[in-house]
């Protein structure tokens, strides 16, 4: 989607700023465009510029200028949030993302281009997001998945799953890998915001990669720079990766509705932590900007809690003077 076809010059400048200055990906800019388009369509209804029940695709935003934006109040934004919750049924995370796009726009107009003297939504609170523990495969389930790889491209699919489970890659990072990114036991990964990081490949990754490259190098490729390729000899797509993950989860007897390519990233993070990798190292591996993003993976099982209690140096101390007492005696 090219926002230049639909957005006003003012909004196009904002999106261009995120691309060229902030270094955000096309996917991120597209999300900003969709979020702001939805808001300004609502504002046109709210301000009676168009009838309230006008279909979305009949409300353009190519005329949104600074004078229109100056009419936006904090109350308008709260009304929009209520609309998203009541009429659209969007959850807290979705509403918070839309608020983030709005905050970024008003901050840009106030502090970067000085087209607004005051920011009407500076004190806007984002919806509180309920934190939930990430779903992940156990070690046994991960092994089960790798041992059940099927399909027309078993070497490729096995290598992809091994990279997910050992390197904790995002799906966009995996499909974006080129052959030139591999240097011995190291791989160059281009993450969010076009930020590069170097990951080290363990023996499992190297073995899977070598087996896959034997097959790949025997192909006549349309995109020879791409590491992982499709049956059409082009760079594999995200949708194809999602499908092969689902198919192999099914083959392994695991519920594909509960797991995904991103859940394999959760699995990698969890298994690394359980094996003793510290959180700051894991932050670098996963490519997180902030440590608190990584800390969601520090969830522990009841078994871990029991082990922690047993490892306390006072855990075996008994009161020899008083003898054993039942818990009920102390109640």
- [ ] Scan region 109-118 and give yes if some residue there is in contact (Cβ under 8 Å) with a residue 40 or more places away in the chain, part of a helix (DSSP H, G or I) and more than 27 Å from residue 275 (Cβ to Cβ), otherwise no.
- [x] yes
Exactly one of 33, 15, 52, 6 is surrounded by fewer than 15 Cβ atoms within 10 Å (Cβ to Cβ), at negative phi and in contact with a strand residue (DSSP E or B) (Cβ under 8 Å, 6 or more places away or on another chain), and that residue is 6
Of the candidates 166, 211, the one satisfying the condition of being in contact with a helix residue (DSSP H, G or I) (Cβ under 9 Å, 6 or more places away or on another chain), in the same structural domain as residue 287 (by TED's automatic domain parsing) and over 26 Å from residue 288 (Cα atoms) is 211
- Task: May I ask you to verify whether residue 201 is touching a residue at least 40 places away in the same chain (Cβ under 8 Å) and within 23 Å of the chain's Cα centre (by Cα)?
- Result: no
Pairing a residue in region 55-71 that is free of Cβ contacts under 8 Å to residues at least 12 places away in the same chain with any residue that is surrounded by 12 or more Cβ atoms within 10 Å (Cβ to Cβ) and part of a loop (DSSP other than H, G, I, E, B), where Cβ atoms lie under 9 Å and the two sit 6 or more apart in sequence or on different chains, gives 58/50
Among 193, 218, 253, the single one that is touching a helix residue (DSSP H, G or I) at 6+ places or on another chain (Cβ under 9 Å), more than 30 Å from residue 22 (Cα to Cα) and surrounded by fewer than 15 Cβ atoms within 10 Å (Cβ to Cβ) is 253
Would you call residue 139 modelled with pLDDT under 95, farther than 26 Å from residue 94 by Cβ and out of contact with any strand residue (DSSP E or B) (no Cβ under 6 Å at 6 or more places or on another chain)?
yes
query: Would region 56-64 turn up any residue that is in contact with a strand residue (DSSP E or B) (Cβ under 9 Å, 6 or more places away or on another chain) and exposed (fewer than 15 other Cβ atoms within 10 Å of the Cβ)?
result: yes
If you go through 105, 161, 165, the only one that is modelled with pLDDT under 95, in a helix (DSSP H, G or I) and crowded, with 20+ Cβ neighbours inside 10 Å is 165
Note: among 140, 210, 155, 173, just one is under 23 Å from residue 259 (Cβ atoms), free of Cβ contacts under 8 Å to residues at least 12 places away in the same chain and not in a loop (DSSP other than H, G, I, E, B), namely 140
Scanning region 36-48 for residues that are surrounded by 14 or more Cβ atoms within 10 Å (Cβ to Cβ) and either out of contact with any strand residue (DSSP E or B) (no Cβ under 6 Å at 6 or more places or on another chain) or at pLDDT below 90 (or both) gives 36, 38, 39, 41, 42, 43, 44, 45, 46
If we keep only residues of region 253-281 that are more than 18 Å from residue 138 (Cβ to Cβ) and part of a helix (DSSP H, G or I), then the residue modelled with the lowest pLDDT is 279
Reported set for region 10-27 where residues are touching a residue at least 12 places away in the same chain (Cβ under 8 Å) and part of a helix (DSSP H, G or I) is 10, 11, 13, 14, 15, 17, 18, 27
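The values are calculated or read from the model by the stated rules, or taken from the named source; none is laboratory data. Treat the numbers as computed from the prediction; the structure is a model and nothing was measured. Don't worry about glycine lacking a Cβ; one is built from the backbone with ideal geometry, like all the others, and counts go over all protein chains shown.
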